[in-house]
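A short worksheet on the structure shown next.
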Amino acid sequence: MNPQPKHTPKRLKGKAYKDLQDTVWRRDYGHCAICGVWTLAPPHHITPRSQGGEDTAENLITLCHACHHEIHHGRVKKYRKLLRQALQGRPSRGAGL
Ligand SMILES: [Zn+2]
Ligand SMILES: [Zn+2]
């Protein structure tokens with residue numbers, strides 16, 4: 001029998017993760033989902049890894065350094081809300097949130 005791991009979230013490492021970041025960045029045209037500025041900052045996990053969020057394009061979003069900082073350490077509530085709004089306006093692939 002195949003021991004079925006209790007849902008192990010998809011995690012990528014090294015080059016695989018780099019490639020995923022690249023895919024997400026291209027999808028978002030390198031623009032921050034919240035303020036729209038062009039950025040090379042690494043993407044944000046919509047559902048954090050600590051909460052079982054996966055390394056998938058659906059769970060990653062391009063954010064600039066400033067918005068990324070706000071969403072984690074600054075006006076967290078406000079920025080999470082802004083991000084949710086941005087995601088709703090995006091042509092949906094699966095109802096994430
Ligand atoms: Zn931004
Ligand atoms: Zn983040």
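Of all residue pairs spaced 6 or more apart or on separate chains, those with beta-carbon atoms under 9 Å, a first member in segment 20-39 that is closer than 22 Å to Glu54 by Cβ and a second member that is acidic (Asp, Glu) and within 14 Å of ligand 2 (Cβ to nearest atom) are Leu20/Asp55; Ile34/Glu70.
Picking from residues in segment 62-76 that are in a loop (DSSP other than H, G, I, E, B) and touching a strand residue (DSSP E or B) at 6+ places or on another chain (Cβ under 9 Å), the one that is farthest from Pro48 (Cα to Cα) is Cys64. Taking the numbered list (1) under 19 Å from Gly89 (Cβ atoms); (2) surrounded by 13 or more Cβ atoms within 10 Å (Cβ to Cβ) in turn, Tyr29 passes all entries but (2). For the condition over 9 Å from the mean Cα position of the chain (by Cα), over 16 Å from Tyr79 (Cβ atoms), of a type outside the set (A, V, I, L, M, F, W, C) and assigned to a loop (DSSP other than H, G, I, E, B), Tyr29 qualifies. The set of residues in segment 34-61 that are more than 12 Å from ligand 1 (Cβ to nearest atom) and assigned to a strand (DSSP E or B) comprises His45, Leu60. Using the structure shown, decide if Ala16 is under 21 Å from Lys81 (Cβ atoms) and hydrophobic (A, V, I, L, M, F, W, C). Here the answer is no, as Ala16 does not meet what is asked. When Tyr79 is tested against (1) touching a Cys at 6+ places or on another chain (Cβ under 7 Å); (2) not in a helix (DSSP H, G or I), exactly one condition is not met: (2). With respect to the conditions (1) in contact (Cβ under 8 Å) with a residue 24 or more places away in the chain; (2) within 14 Å of ligand 2 (Cβ to nearest atom), Arg11 falls short on a single one, namely (2).
Among the residues making up segment 35-51, a single one is aliphatic (A, V, I, L, M), away from ligand 2 (no atom under 12 Å from the Cβ) and surrounded by 12 or more Cβ atoms within 10 Å (Cβ to Cβ): Val37.
Each value in this text was obtained by applying a stated rule to the coordinates, not by laboratory testing. Just so it is clear, the structure is predicted and the values come from calculations on it, not from any experiment. In this analysis, Cβ positions are derived from the backbone assuming ideal geometry, glycine residues included, and neighbour counts consider all displayed protein chains.
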